[in-house]
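The values are calculated or read from the model by the stated rules, or taken from the named source; none is laboratory data. Worth saying up front: this structure is predicted, and the values here are computed from it rather than measured. When we count neighbours, we look across all protein chains shown, and the Cβ atoms used for this are built from the backbone with ideal geometry, even at glycine. For accessibility, only protein heavy atoms count, side chains too; no ligands or nucleic acids. Shrake-Rupley method; radii C 1.70, N 1.55, O 1.52, S 1.80 Å.
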Amino acid sequence: QVQLVESGGGLVQAGGSLRLSCAASGMFFSVWSMGWYRQAPGKERELVATISSGGNINYADSVKGRFTISSDSAKNTVYLQMNSLKREDTAVYYCTASRQNQYWGQGTQVTVSS
């Protein structure tokens, strides 16, 4: 049973930083693609960043240069370092794991205040 548990969300002022973590279990971490999505109130869920099993990384244009996705296979954990946060980054952030199927975590709230 694949389980993804996010942590690290919270309230931060604009311009600040947060690091989200996603601990994965029930899977052979190294062969899965991992990613982060977010959903703001009243908006559709959108991709933030992904990292493939081969290490290929993809970012949404809105976060390029500010967010960094990384993974630690020894800890079965994927991270999202978020710098220079903006109010429009406010959303629930979800971790995903994909292979034949896609699994989602429960989400963690990130709120950026002005």
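Here are the numbers for this structure:
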| read-out | value |
| --- | --- |
| Rg and Dmax of region 5-75, Cα atoms only, in Å | 13.2, 37 |
| Beta bridge orientation in the chain: antiparallel %, DSSP, nearest 5 | 90 percent |
| Student exercise, the chain dipole from Lys, Arg, Asp, Glu Cβ charges, in Debye to nearest 20 | 80 debye |
| Dimensionless Rg over Rh [region 69-111; C-alpha; Kirkwood] | 1.02 |
| Heavy-atom accessible area per residue - the chain, 1.4 Å, Å² | 53 Å² |
| 16 Å tail of the calculated P(r), region 22-114, as % of Cα pairs | 52 percent |
| Estimated vicinal HN-Hα couplings, Hz - region 95-102 in sequence order (Karplus 6.51, -1.76, 1.60; Gly, Pro = x) | 8, 10, 10, 10, 8, 6, 10, 10 |
